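K.L.:
Below you will find the structure I want to go over with you.
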Amino acid sequence: MASPPTLPISTSQTATGGAAAAAQAQAPIATPAFRAFLSRLSSSVRHGFSQRRPWSELLDRGSISRPESLSEAYSRIRKNLSYFRVNYATLIALALALSLLSHPFSLLVLLSLLAAWAFLYLFRPSDQPLVILGRTFSDTETLAGLVLLTVIVVFVSSVGSLLISTLMVGFAIVCAHGAFRVPEDLFLDDQEPATAGFLSFLGGAASAAAPSLAARV
């Protein structure tokens, strides 16, 4: 008795199926949105640091004097914040880094929270559902879980108090320096927006992550 004929299997279809499976299993860190986010963040930070003022101007002891009134102190703070904003942001960032490095557990918790937001929601492909322990979670359930986790980390654990206390101390030092630093010798460009410079990477990062967020709405 003759054996039934063997059906031919197309190698191209097999390769296509394997490529599709590999694309679906693509890690969030390899997605175009994540790569665009890192590229925009890197270029924005480099652009911000290019506008950093010389540290010798920030620490010029000859330009330190006590303000005569609160209105003068407020005016000095505004001018110095506009001129030294990159230096001030760098000092606050260094204070946060040192504070977190001195508390390794808080640093680990914060990094884990940021990684969860990035890989489970922000940069996860919209057509790839989140599956944990055999259960599939929708985008709404994932977002609600991450928001709840963030609230617990920030308001219940010691991470939130550590960040808030460090930021408060940093802002107090910045305001004290801005009030006592005489800005008359500084070249201030009135046409330059106060929010430009170092913190512009927030806008760049948001615009890079916007496509992945819009796909979930």
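The values are calculated or read from the model by the stated rules, or taken from the named source; none is laboratory data. All figures in this text were calculated on a predicted structure; none of them were measured in a lab. For neighbour counting, all protein chains shown are included, and Cβ atoms are generated from backbone atoms with ideal geometry for every residue, glycine included. Surface areas here come from the heavy atoms of the whole protein model, side chains and all, with no ligands, DNA or RNA. Shrake-Rupley method; radii C 1.70, N 1.55, O 1.52, S 1.80 Å.
K.L.:
Could you work out the mean projected area of the convex hull around the alpha carbons of the range 100-139, in square nanometres to one decimal?
P.N.:
Result: 3.4 nm².
K.L.:
Expected output is a single nm value to one decimal: the length gained when fully extending between PHE155 and SER43, i.e. 0.36 nm times separation in residues minus the C-alpha distance. What is it?
P.N.:
Details: separation 112, 0.36 × 112 = 40.32 nm, distance 3.29 nm.
Result: 37.0 nm gained on full extension.
K.L.:
Another question about this same structure. Would you kindly derive the ³J(HN,Hα) couplings of the range 52-64 from the backbone phi angles with the Karplus curve 6.51 cos²θ - 1.76 cosθ + 1.60 (θ = phi - 60°), listing them in order in whole Hz, with x for Gly and Pro?
P.N.:
Coupling constants for the range 52-64: 5, 7, x, 5, 5, 5, 5, 9, 5, 5, x, 9, 9 Hz.
K.L.:
Using modelled backbone amide H atoms (1.01 Å from N, in-plane), which distant-in-sequence or interchain residues come within less than 5 Å of LEU130's amide H?
P.N.:
Under 5 Å from the amide H of LEU130: PHE137.
K.L.:
Which is farthest toward the positive dipole end of the range 58-184 among LEU108, LEU130, LEU163, measuring Cα position about the Cα centre, with Cβ charges +1 (Lys, Arg) and -1 (Asp, Glu)?
P.N.:
LEU163
K.L.:
Now, a different point. Please list 3J(HN,Hα) in residue order for the range 94-109, calculated via the Karplus relation 6.51 cos²θ - 1.76 cosθ + 1.60 where θ = phi - 60°; whole Hz, with x for glycine and proline.
P.N.:
Those phi angles translate into 5, 4, 5, 5, 5, 5, 6, 5, 7, 10, x, 5, 5, 5, 5, 5 Hz.
K.L.:
Counting only heavy atoms of protein chains, what accessible area per residue, in Å², does the range 58-184 have with a probe of 1.4 Å? Could you put the intermediate results ahead of the total?
P.N.:
On the way: 7680 Å² over 127 residues.
Ligands and nucleic acids excluded, the result is 61 Å² per residue.
K.L.:
Okay, moving on. Keeping all protein chains in the complex and leaving out DNA, RNA and ligands, what accessible area do you get for LEU59 with a 1.4 Å probe, in Å² to the nearest 10?
P.N.:
LEU59 has an accessible surface of roughly 120 Å² with all protein chains in place.
K.L.:
Here is a follow-up. If you put +1 on each Lys and Arg Cβ and -1 on each Asp and Glu Cβ, how big is the dipole of the range 58-184 around its Cα centre, in Debye rounded to 20?
P.N.:
Approximately 320 debye in magnitude.
K.L.:
Given 0.36 nm per residue, what is the gain on full extension from SER69 to ALA118 after removing their alpha carbon distance, in nm?
P.N.:
That pair, SER69 and ALA118, stretches by 12.9 nm at full extension.
K.L.:
Could you give me D for the range 69-186, from Stokes-Einstein at 10 °C and 1.306 mPa s, where the hydrodynamic radius is the Kirkwood radius over C-alpha pairs? Units µm² s⁻¹, please. Intermediate values should be presented prior to the final figure.
P.N.:
On the way: Rh = 17.2 Å.
Result for D is 92 µm²/s.
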